[in-house]
1. Pop out the ³J(HN,Hα) list for the stretch 12-20 in order, Karplus 6.51 cos²θ - 1.76 cosθ + 1.60 with θ = phi - 60°, rounded to Hz; leave Gly and Pro as x.
2. Cα-based count: Lys pairs in the chain below 25 Å, eight or more positions apart or different chains?
3. Residue by residue through the stretch 87-96, what is 3J(HN,Hα) from phi via Karplus (6.51 cos²θ - 1.76 cosθ + 1.60, θ = phi - 60°)? Round to whole Hz and write x for glycine and proline.
4. Between ALA75 and ARG57, what is the label-to-label distance in nm when each label sits 7 Å out along the Cα-to-Cβ direction?
5. Report relative contact order for the chain in percent, whole number only (criteria: Cα-Cα under 8 Å, sequence separation at least 6).
6. Longest exposed-loop-site-free stretch of the chain, with trypsin sites (Lys or Arg not before Pro), DSSP loop and at most 14 other Cβ within 10 Å?
7. Sum up the charges of everything whose Cβ sits under 15 Å from the Cβ of SER63, counting Lys and Arg as +1 and Asp and Glu as -1, but leave SER63 out.
8. Please give the per residue accessible area of the chain, computed with a probe of 1.4 Å over protein heavy atoms only, in Å².
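The values are calculated or read from the model by the stated rules, or taken from the named source; none is laboratory data. Since we're looking at a predicted model, the values are computed, not measured. Here Cβ is always computed from backbone atoms with ideal geometry, including for glycine, and neighbour counts include all displayed protein chains. Ligands, DNA and RNA are excluded from the accessible area calculation, which covers all protein heavy atoms including side chains. Shrake-Rupley method; radii C 1.70, N 1.55, O 1.52, S 1.80 Å.
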Amino acid sequence: QVQLVESGGGLVQAGGSLRLSCAASGRTFNIDTMGWFRQAPGKEREFVAAITWSTGRAHYADSVKGRFTISKDNAKNTLYLQMNSLKPEDTAIYYCKARQLPSYDYWGQGTQVTVSS
């Protein structure tokens, strides 16, 4: 079993920055990739960014490229999302996801990010 706990959300003005953290615990030995998704009220959950744990290779949604940076701390089993130049449309609950080989996904409970005009 893997447990994921997000933190770092909050209220920020447009143009501001936040850094989200996702701490993984439990049986994390076979996690292949981790990523961030977000879900705005009334919307489907959408992909934001992902990183391959072994290599650090990152992928981003077009909507956040150049503004968000995903990173990891291997020793701490922690995933980060640095969010800069935030826009009101970034407002959502942000969820951490871990893919455990061969094909099982774990989700955190989410952290709220609110960007005001």
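1. So the J values, rounded to whole Hz, are 9, 6, 3, x, x, 9, 9, 10, 8.
2. Close lysine pairs found across the chain: 9.
3. 10, x, 5, 7, 4, 4, 8, 9, 10, 8
4. Output for this residue pair reads 2.7 nm.
5. On the way: 289 pairs, mean separation 42.7, N = 117.
Relative contact order comes out at 36 percent.
6. 77-117
7. Working: positive: ARG38, LYS43, ARG45, LYS65, ARG67, LYS87; negative: GLU44, GLU46, ASP62, GLU89, ASP90.
Charge balance in the 15 Å sphere: +1.
8. Value returned for the chain: 54 Å² of accessible area per residue.
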